[in-house]
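The values are calculated or read from the model by the stated rules, or taken from the named source; none is laboratory data. For clarity, every value in this text was computed on a predicted model and none was experimentally measured. Cβ atoms come from the backbone with ideal geometry, glycine included; neighbour counts cover every protein chain shown. What goes into the accessible areas is simple: the full protein's heavy atoms, side chains included, and nothing from ligands, DNA or RNA. Shrake-Rupley method; radii C 1.70, N 1.55, O 1.52, S 1.80 Å.
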Amino acid sequence: MMNNYRTIPYQPIRFSEEEMMLRARSFFELMQKRRSVRHFSERPVPQGILDYVLQTAGSAPSGANRQPWTFCLVTDAELKRRIRQAAEEEEYKAYHGGMPQEWLNDLSYLGTDWHKEFLETAPALIVVFRKPYDIDEQGQHKNYYVQESVGLACGFLLAAIQYCGLVALTHTPSPMNFLQGILQRAEWEKPYLLIPVGYPADDAEVPDIHRKNLSEIVTRFGP
Ligand SMILES: Cc1cc2nc3c(=O)[nH]c(=O)nc-3n(C[C@H](O)[C@H](O)[C@H](O)COP(=O)(O)O)c2cc1C
């Protein structure tokens, strides 16, 4: 086995417990306001902001630190148009016989249908790809816990988007292999999520949903 273990000092971030409580609460309150938004303004987002939220996504933990993700940032109008067209073709089929009735029932209170106007109005689309393996000069190199790792990176991404005051939608047109072709990704890059990002439309509305409370999601084992 190779021994590549090297260390650097860990740089702790220290707060008083009082400050920790304030930070925990204010972060919770910020994240509690996050909603999936499906009505976007066309107002562009400064590139620097998007670069920072993408770097935040890239700071997520990953199996064996393989960082098995690619984030395609699409702001080109023609590419957005093609992505919308292809997504709507797939979604039309899904909503007209492709999805079982139970799934349609579960979606009904979200008010979604096959129209995906937001894929063109949102100023940016972040298309996330997962990489089960990489290929470089040395050949094929396996990645580990790819689903978990990319899911975590997307969680970081959505939190960063919320933190800086933008909105996003977690979108999964089904199937979404067309993204691989339109964005000319390598065969080993698999589409994971399609995330429009931007500002909400002035008249944006969101479904009235319920979130489980703490006691419904936590089971305690201790004093
Ligand atoms: C993995 C995943 C896939 C999703 N796919 C879609 C989608 O294709 N279209 C859509 O409108 N919303 C999609 N959503 C958004 C959910 O409907 C939304 O997160 C949920 O209703 C809770 O609402 P909130 O995000 O505003 O809290 C998806 C969410 C997740 C986590």
List, please: which pairs have Cβ atoms under 6 Å, are six or more places apart or on different chains, and start with a residue in the range 186-200 that is within 10 Å of Ala124 (Cα to Cα) and end with one that is part of a strand (DSSP E or B) and within 12 Å of the ligand (Cβ to nearest atom)? Ile195/Ala168; Val197/Ala168
Only one of these is of a type in the set (A, V, I, L, M, F, W, C) and touching a helix residue (DSSP H, G or I) at 6+ places or on another chain (Cβ under 7 Å): Phe27, Phe15. Name it. Phe15
Give me the pairs: first residue in the range 64-80 and open to solvent by 40 Å² or more (accessible area, probe 1.4 Å), second residue of a type outside the set (Gly, Ala, Ser) and assigned to a strand (DSSP E or B), beta-carbon distance under 7 Å, and six or more apart or on different chains, which are they? Ala64/Tyr144; Arg66/Tyr144; Phe71/Ile126; Phe71/Val128; Leu73/Ile126
Members of the range 136-184 that are within 12 Å of the ligand (Cβ to nearest atom), farther than 30 Å from Phe28 by Cβ and open to solvent by 40 Å² or more (accessible area, probe 1.4 Å): Ser174, Pro175
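Considering only residues that are open to solvent by 90 Å² or more (accessible area, probe 1.4 Å) and not charged (D, E, K, R), look in the range 40-52 and name the one that is farthest from Asp113 (Cα to Cα).
Going residue by residue through the range 40-52, those that are open to solvent by 90 Å² or more (accessible area, probe 1.4 Å) are 42-44, 47, 52.
Pick out the ones that are also not charged (D, E, K, R) and you get 44, 47, 52.
Numbers: Pro44: 26, Gln47: 31, Tyr52: 32 Å.
Here the answer is Tyr52.
Which of the residues that make up the range 108-118 are assigned to a loop (DSSP other than H, G, I, E, B) and within 11 Å of the ligand (Cβ to nearest atom)?
Passing the criteria: Gly111, Thr112, Asp113, Trp114, His115, Lys116.
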Condition first: of a type in the set (Val, Ile, Thr) and either surrounded by 17 or more Cβ atoms within 10 Å (Cβ to Cβ) or not in a helix (DSSP H, G or I) (or both). Now tell me which residues in the range 185-223 satisfy that. Ile195, Val197, Val206, Ile209, Val218, Thr219
Residues being on the phi > 0 side of the Ramachandran plot and either small (Gly, Ala, Ser) or modelled with pLDDT under 95 (or both): count how many of those fall in the range 165-197. 1
Have a look at Asn3, Asn105 and point out the one that is more than 16 Å from the ligand (Cβ to nearest atom) and either assigned to a loop (DSSP other than H, G, I, E, B) or surrounded by fewer than 17 Cβ atoms within 10 Å (Cβ to Cβ) (or both). Asn3
Quick check on Val128: is it touching a strand residue (DSSP E or B) at 6+ places or on another chain (Cβ under 7 Å), surrounded by 14 or more Cβ atoms within 10 Å (Cβ to Cβ), modelled with pLDDT of 95 or more and within 30 Å of Pro200 (Cβ to Cβ)? yes
Apart from one, (1) within 15 Å of the ligand (Cβ to nearest atom); (2) touching a helix residue (DSSP H, G or I) at 6+ places or on another chain (Cβ under 8 Å) all hold for Pro61; the odd one out is (1)
If the Cβ limit is 8 Å and pairs must be 6+ apart or interchain, which residue in the range 33-61 that is under 18 Å from Phe129 (Cα atoms) and part of a loop (DSSP other than H, G, I, E, B) pairs with which residue that is open to solvent by 60 Å² or more (accessible area, probe 1.4 Å) and away from the ligand (no atom under 16 Å from the Cβ)? Gly58/Gln67
Qualifying position, being open to solvent by less than 70 Å² (accessible area, probe 1.4 Å), more than 25 Å from Trp188 (Cα to Cα), over 21 Å from the mean Cα position of the chain (by Cα) and small (Gly, Ala, Ser), among Gly111, Gly98: Gly98
Among the candidates Glu19, Glu29, residue that is open to solvent by less than 100 Å² (accessible area, probe 1.4 Å), farther than 29 Å from Phe118 by Cβ and part of a helix (DSSP H, G or I): Glu19
